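Just below is one structure, and these are the notes that go with it.
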């Protein structure tokens, strides 16, 4: 063993295993909840809590330990405590860094939290739940236009408050351009509503556009402020409960002038209650569909109005459901008004939604399958060589390859999904095959007169390298096949096999050589 530890190839393997341990950074104290992101201008943001920077590991995120003196151990504790706190109540939040006093004006305070990660490995969609959408522009666009579209999309999704967003460019073998969006914790309907529609908002009077969404016409949109945005009334209707939301916006001087010019020629009418309005209403359209209509007060005729109140409905079987629907509709409309429309219309090619419960089951089943596979390999190796000393190196190298591949994923912050796990299994399976080739060659009954150790190892590695190059060539098309959905499998398989060729299998050959000389 001491002689092996002085071998360069063994030292290299140990060095990379140490680097892997640092990259994965396993945590044993996971009490509390970590802060994933903080919405700008929210209750938490105003109190001084900031979003974690992208260059720190997720195990270093700020953690919430107590709320109003109650200990927070996990996400369930957090949700339970937050649900009991009344609106406009002052909250004392203790973290591992500081103590904050927050005034609650929204349900979530503008915080996105998660259970404290036990390591730096990032879970993909299948392992933590969420929604994946494959989008295709309905017209041919350039790479530059797709980059612009992704920027607007990222801004819209961030503004809406969704976190853990992955937006990737993807191409297929036919040259079609796609956009792959993965969002943890979002529902299928929520994502589809936000990114399937182009999001063209228009306010019209007498079918003439007064203003549209985006910063050219709208200079301010009120949100997270109960004085200028919120639920204004709820009434009982045939369908159940009807709640109306309202929020204020400010128009640019150009949009205000359009309002004045269009309303100047309208007549003033009086309703049954004696109130005076203009003869035409202010109609709101989203993607060509009218979503609401407001009367225009007579005093606004010909006036360059810079402040407008936007309203809309939310309907539900109960009052709580109606309020929730109304808030969701208001949030969506505010987001589109702030971010503007997408430059191109998109069609949904595929939607996958996985619940967090199923994601947790995937993780557990993958670990069980890995343990069973390693046990099966151990039994087969023992039966084949009838030497328990050979089982140890095979298992050690297989586990090392899994750890090194996971370390690479943690280092480059790659999201591990089912495709990536399949890639790890494929790489380890190939590794076991190569280890058998090396073991057979070294333990062959040919005399040292015909083959010395270097010749035997060289012959084994010529077989292994040929197989590696063949599989590498087979993996390359998978980077683009299926609009890139198989890229994780191809990437992890190539990385795992490369780790085997350049790091673990040379070390394994030295181990088997040492055993055969005993």
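From Cα pairs below 8 angstrom and at least 6 apart in sequence, can you work out the relative contact order of the stretch 201-341, rounded to a whole percent?
Once divided by the residue count of the stretch 201-341, the mean separation gives 33 percent.
What is the distance, in nm, between label points placed 7 Å from the Cα along the Cα-to-Cβ direction at residue 119 and at residue 293?
6.0
What is the distance in Å between the Cα centroid of the stretch 40-63 and that of the stretch 238-292?
39
Using the Cα atoms of the stretch 21-146 to build a convex hull, what is its mean projected area in square nanometres?
Quarter of the Cα hull surface area: 10.8 nm².
Checking the a/c ratio against 1.5 first, then a/b against b/c, what shape does the Cα gyration tensor give for the stretch 1-42?
Verdict is oblate for the stretch 1-42.
Kindly state, to the nearest 0.05, the FRET efficiency for residue 143 paired with residue 411, given R0 = 30 Å and r defined as their beta-carbon distance.
Values: r = 27 Å, r/R0 = 0.92.
For R0 = 30 Å, the calculated efficiency reads 0.65.
Between 0 and 90 degrees, rounded to the nearest ten: what's the tilt of helix 388-411 against the longest Cα principal axis of the chain?
The helix 388-411 is inclined about 30 degrees to the chain.
Please report the relative contact order for the stretch 23-101, taking Cα pairs under 8 Å with a sequence separation of at least 6, and give it as a percent rounded to a whole number.
For the stretch 23-101, the relative contact order is 32 percent.
Length gain on complete extension for the stretch residue 458 to residue 252, per 0.36 nm per residue less the alpha carbon to alpha carbon distance?
66.7 nm
Could you pull the Cα extents of the stretch 201-341 along its three principal axes, largest to smallest, in whole Å?
Principal extents (Cα only, largest first): 43, 39, 29 Å.
Taking the beta-carbon count within 10 Å as an exposure proxy, list 24, 141 from fewest neighbours to most. Don't jump to the answer; show the numbers that get you there.
Values: 24 20, 141 15.
Exposure proxy ranking, most exposed first: 141, 24.
Relative to a virtual label point 7 Å from the Cα of residue 15 in the Cα→beta-carbon direction, which members of the stretch 392-416 show backbone nitrogen distances below 17 Å?
Within reach of a label on residue 15, which here means backbone N under 17 Å from a point 7 Å along Cα→Cβ, the stretch 392-416 contributes 404, 408.
Quickly work out the residue 396-to-residue 376 label distance, labels modelled 7 Å from Cα along the C-beta direction, and quote it in nm with one decimal.
2.5
Between the stretch 77-140 and the stretch 486-518, what is the separation of their alpha carbon centroids in Å?
Cα centroid of the stretch 77-140 versus Cα centroid of the stretch 486-518: 40 Å apart.
Roughly how large, in nm² to one decimal, is the mean projection of the convex hull of the alpha-carbon atoms in the chain? Each step should come with its number before you reach the end.
On the way: hull surface 124.3 nm².
That works out to 31.1 nm².
Testing the spin-label approximation: label points 7 Å from Cα along Cα→Cβ at residue 8 and residue 303. State their distance in nm.
A separation of 8.4 nm, rounded to one decimal place.
Suppose we keep just the DSSP beta bridges with both residues in the chain; what percent of those would be antiparallel, to 5?
Values: 77 of 79 bridges.
Antiparallel bridges make up about 95 percent of those DSSP assigns within the chain.
Given R₀ = 30 Å, what would the calculated FRET efficiency be for residue 318 paired with residue 264, taking r from the Cβ atoms and rounding to 0.05?
Computed FRET efficiency for residue 318 and residue 264: 0.10.
In percent, how large is the relative contact order of the chain, given Cα pairs closer than 8 Å and 6 or more residues apart?
17
Neighbour counts of other C-beta atoms within 10 Å: give me 319, 6 arranged from fewest to most.
Details: 319 15, 6 8.
Placing the least packed residue first, the sequence is 6, 319.
If the chain between residue 53 and residue 87 were fully stretched, how many nm would it gain, using 0.36 nm times the residue separation less the Cα-Cα distance? Don't skip to the end; give the middle numbers.
Numbers: separation 34, 0.36 × 34 = 12.24 nm, distance 2.96 nm.
Contour length minus the Cα-Cα distance gives 9.3 nm.
Treating the angle as unsigned and between 0 and 90°, give the value, to the nearest 10°, between the Cα long axis of helix 418-442 and the longest Cα principal axis of the chain.
The two axes meet at around 10 degrees.
For the Cα atoms of the chain, what angle does the longest principal axis make with the long axis of helix 253-264, in degrees from 0 to 90, nearest 10?
So the inclination is approximately 40 degrees.
All of the numbers you see were taken from the coordinates with simple rules; none came from a lab. Model, not experiment: these values are computed from the prediction. Neighbour counts run over all protein chains shown; Cβ positions are idealised from the backbone, glycine included.
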